[in-house]
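Undergrad: Okay, here's the structure, questions in a sec.
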Amino acid sequence: MDSQWIRRFHRSPSSGPRLICLPHAGGSASFYLPFSRALAPALDVLAVQYPGRLDRRGEPCIEHVPTLAREIYAALGDVADRPLALFGHSMGASVAFEVARIIEHQRGVRPVRLFVSGRTAPSVFHEDLVHLRDDEGLLNEVRMLSGTDPSILGDEDIIAMALSALRSDYRAAETYRYAPGPPLSCPITVFASDADPKATLDEARAWREHTTGSFDFRVFPGGHFFLTQHQPQLLEIISEQLSSASPAPGPVSAERR
């Protein structure tokens, strides 16, 4: 695996399920440190570090979700050595979905589960233009969603470093368009909130259209970043659903590849 892209915060055994975590717009791999702390070593928790931020701030951001997904897939290397699941929040959910499509439809390996959070289904179109706002307008959106520590938003140096990646991520998220194709066959678990300004419950429930496998829909109180408020409950669900994962991910039949 490419350590530039893929971060492991805690050791894990050489077998057992692997969970790949994809950050939200403006987010970094460290957002998933609590996931790793809680789930390791039973799960091998890996977090993706997108280019253009923190230790990768000298690299150009990727402003196209499918391109980002292809780069992540390449960085993962061999995905067939153990059961593999993906988790993504907000923009990360779209990226996780596209990575899962590559793994299943091109690599021929069925992920054991796709977890998505705080995001409309790929087939649901929103005309959002936050990435075209000025700097203050972009920051106002972030404040409204409450995904960043308010003290950080008051630090001009940190803001200057983060704005470029944040705008690029919003451009990627808002210009993403689902390319119709065969649905996944892996199970999908959707985490949604009852007051998310970015995804209504019906828009989140539409993820059901994107798999022929089982579908689990969980609703929590809160706003767009409800997962930070209800992290223990989310992690318990993830742990339970992956604890029964088979020893190796099953291959996808030839007619679905």
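Undergrad: Looking only at the stretch 1-36, which residues are part of a loop (DSSP other than H, G, I, E, B) and out of contact with any helix residue (DSSP H, G or I) (no Cβ under 8 Å at 6 or more places or on another chain)?
TA: Across the stretch 1-36, the qualifying residues are 3, 11, 12, 13, 14, 15, 16.
Undergrad: For the stretch 126-136, give me each residue that is surrounded by 12 or more Cβ atoms within 10 Å (Cβ to Cβ) and assigned to a helix (DSSP H, G or I).
TA: Answer for the stretch 126-136, where residues must be surrounded by 12 or more Cβ atoms within 10 Å (Cβ to Cβ) and assigned to a helix (DSSP H, G or I): 130, 131, 132, 135.
Undergrad: Let me ask another. So which of 37, 53, 82, 70 ends up being open to solvent by 10 Å² or more (accessible area, probe 1.4 Å) and in contact with a strand residue (DSSP E or B) (Cβ under 6 Å, 6 or more places away or on another chain)?
TA: Of the residues listed, the single one that is open to solvent by 10 Å² or more (accessible area, probe 1.4 Å) and in contact with a strand residue (DSSP E or B) (Cβ under 6 Å, 6 or more places away or on another chain) is 82.
Undergrad: Please determine whether any residue of the stretch 45-57 is closer than 19 Å to residue 87 by Cα and either over 17 Å from the mean Cα position of the chain (by Cα) or among the small types (Gly, Ala, Ser) (or both).
TA: Among the residues of the stretch 45-57, at least one is closer than 19 Å to residue 87 by Cα and either over 17 Å from the mean Cα position of the chain (by Cα) or among the small types (Gly, Ala, Ser) (or both), which makes the answer yes.
Undergrad: Which of (1) without any contact (Cβ under 8 Å) to a residue 40 or more places away in the chain; (2) in contact with a Lys or Arg (Cβ under 7 Å, 6 or more places away or on another chain) is the odd one out, the single condition residue 73 does not satisfy?
TA: Only one criterion is unmet by residue 73, namely (2).
Undergrad: Also, quick follow-up: Any chance you could count how many residues in the stretch 190-214 are part of a strand (DSSP E or B) and either out of contact with any helix residue (DSSP H, G or I) (no Cβ under 7 Å at 6 or more places or on another chain) or under 14 Å from residue 237 (Cβ atoms) (or both)?
TA: Counting residues in the stretch 190-214 that are part of a strand (DSSP E or B) and either out of contact with any helix residue (DSSP H, G or I) (no Cβ under 7 Å at 6 or more places or on another chain) or under 14 Å from residue 237 (Cβ atoms) (or both) gives 4.
Undergrad: Here's something else I'd like to know. Looking at the stretch 1-29 only, could you name the residues that are closer than 25 Å to residue 167 by Cα and either buried (at least 23 other Cβ atoms within 10 Å of the Cβ) or under 13 Å from the mean Cα position of the chain (by Cα) (or both)?
TA: Within the stretch 1-29, 20, 21, 22, 23, 24, 25, 26, 27, 28, 29 qualify.
Undergrad: On to the next question. Which condition breaks for residue 89 when tested against (1) open to solvent by 30 Å² or more (accessible area, probe 1.4 Å); (2) at pLDDT 90 or above; (3) under 25 Å from residue 6 (Cα atoms)?
TA: (1)
Undergrad: Determine, yes or no, whether residue 107 is in contact with a helix residue (DSSP H, G or I) (Cβ under 7 Å, 6 or more places away or on another chain), at pLDDT below 95 and charged (D, E, K, R).
TA: Taking the combined requirement at face value, the residue does not satisfy it.
The values are calculated or read from the model by the stated rules, or taken from the named source; none is laboratory data. Source: prediction; values computed, not measured. In this analysis, Cβ positions are derived from the backbone assuming ideal geometry, glycine residues included, and neighbour counts consider all displayed protein chains. Accessible surface is based on the protein model in full, side chains and every heavy atom, while ligands, DNA and RNA are left aside. Shrake-Rupley method; radii C 1.70, N 1.55, O 1.52, S 1.80 Å.
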